[in-house]
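Every read-out reported here was derived from the displayed coordinates using simple, explicitly stated rules and does not represent laboratory data. Computed from a predicted structure; not experimentally measured.
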Amino acid sequence: MPLQIVGRFVLQMVIGALLFAAVALVALVLWWFTDWLGKQGVPHHISYISALMAELLFLLDVVCFVVFVFGEAIKLIREIYWDVFGGRPA
């Protein structure tokens, strides 16, 4: 049973990391697009907003990943506690 709990946690972390990487890739592509817009001579406020959106997307991605990791860690600790001390509380 303990290996199942840890295996499930590792699987959740891998899935979370892959989702984090996918959203970070979108933020990176948006950042590249911002650089391309700047080279095309678009008005400064448009490229500034685009850069701001890329940074905010990446920041939101990091915050969500940290919350996910803490949530999964709490679930892991609770499951280990329930396994050691007998059953889930009612």
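Descriptive notes on the structure:
- Based on every Cα atom in the chain, Rg and the maximum pairwise Cα distance Dmax equal 20.0, 66 Å.
- Computed on the chain, with alpha-carbon pairs under 8 angstrom and 6+ residues apart, the relative contact order is 42 percent.
- The length gained on full extension between residue 74 and residue 29, counted as 0.36 nm times the residue separation minus their Cα-Cα distance, comes to 12.9 nm.
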